[in-house]
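Quick note: the coordinates plus some simple rules give every number you see, no bench work behind them. Since we're looking at a predicted model, the values are computed, not measured. Please note: Cβ atoms are built from the backbone with ideal geometry, for glycine as well, and neighbour counts cover all protein chains shown.
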Ligand SMILES: [Fe+2]
Ligand SMILES: [Fe+2]
């Protein structure tokens, strides 16, 4: 890969067997319990959200006629499949440990995604394209602010999240292009973006509230203040990307990918098969290269 920023990154399928210790601290960022649980809440949603996205594009694929788009959709399906399987392993540790009642949030998500299955394919494609577009704002934020958001944090959780963000960048165009190819109408796409962002945020929030209650922090005013500041920071970072993506004429390929993503992919290409790309979170820059294992 040349590292040329105008070149679209390839969709590379990486079956990474992340290995989470059973003794992992769910507050994986020291000193940032609220942030840790916000991310844990997002992680809990992945094994419900991502299979829904996969099912949707798989169904839409039957109507697609563009061969290169179809190839990209297969890449999307494979990447998303590995994402939620890794998240599920981490989530299982959260449930087996301190937070067994997260299973109730999972049941709610299962029922709700089943309900969404009865929506039209266009609606589900708009949800998928919308969610994927929103993710780009999160990626930009997490990678840009990685020095603060992952500094001295647990390397396995940090590496899981940042790997996920890299691959979201690699397949950022796919769901959008698929929606445009099959439907193209603006309003359902805009609605899908807003609905999907709200929908996933709602369940992530339910999950982090339960974890903060269990940790005795939910009624702690200093913790609540830190939580609200973090939520405000998320909105401040993701909001502008969302607004831009709502403009007619928007295309995800017009958004420049973070250089770090390209460097991460290059570093990963140098690993052996099944090696886990563990980042060094003790290095203040969190560079895109991996500890030798
Ligand atoms: Fe994903
Ligand atoms: Fe994705």
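Give me the compactness ratio for segment 210-286, meaning the Cα radius of gyration over 2.2 N^0.38 Å.
1.65
What per residue convex hull volume, in Å³, comes out for the chain when only alpha-carbon positions are used?
Each residue corresponds to 125 Å³ of Cα convex hull volume.
Just 106, 170, 34 to compare: in a GNM of the chain, with alpha carbon springs under 10 Å, which one fluctuates most?
Largest GNM mean-square fluctuation: 106.
What FRET efficiency would be calculated for the residue pair residue 93, residue 187, taking the C-beta separation as r and a Förster radius of 51 Å, to the nearest 0.05?
That pair, residue 93 with residue 187, gives E of 0.75.
Set the Förster radius R0 to 35 Å, insert the Cβ-Cβ distance between residue 229 and residue 65 as r into 1/(1 + (r/R0)^6), and round the FRET efficiency to 0.05.
Step by step, r from the Cβ atoms, then E = 0.15.
Across bins of 5 angstrom width beginning at 0, how are the C-alpha pair distances of segment 112-254 distributed, in whole percent?
The percentages, shortest bin first, are 2, 9, 16, 19, 19, 15, 10, 6, 3, 1.
What is the distance, in nm, between label points placed 7 Å from the Cα along the Cα-to-Cβ direction at residue 275 and at residue 116?
Roughly 3.7 nm, to one decimal.
With springs connecting C-alpha atoms under 10 Å apart, model the chain as a Gaussian network and identify which of 157, 12, 243 has the largest mean-square fluctuation.
Ranking 157, 12, 243 by mean-square fluctuation puts 243 first.
Do the sum for the chain: with -39,500 (n - 2.57) for every DSSP H run of n ≥ 4, divided by all residues, what is the mean residue ellipticity at 222 nm, to the nearest 500 deg cm²/dmol?
Taking each H run of at least 4 residues, the total per residue is -22500 deg cm²/dmol.
With each pseudo-label sitting 7 Å past Cα toward Cβ, what's the residue 236-residue 194 distance in nm, one decimal?
Those two pseudo-labels are separated by 2.5 nm.
With a point put 7 Å past each Cα toward its Cβ, work out how far residue 10 is from residue 152 in nm, to one decimal.
Result for the modelled spin labels: 4.0 nm.
Alpha carbon centre of segment 140-176 versus segment 228-258: separation in Å?
Rounded to whole Å, the Cα centres lie 15 Å apart.
Do you know the relative contact order of segment 33-291, to the nearest whole percent, from alpha carbon pairs under 8 angstrom that are 6+ apart?
Relative contact order for segment 33-291 comes out at 30 percent.
How long are the semi-axes of the equivalent ellipsoid of segment 60-161, defined as square roots of 5 times the Cα gyration tensor eigenvalues? Whole Å, largest first.
28, 21, 13
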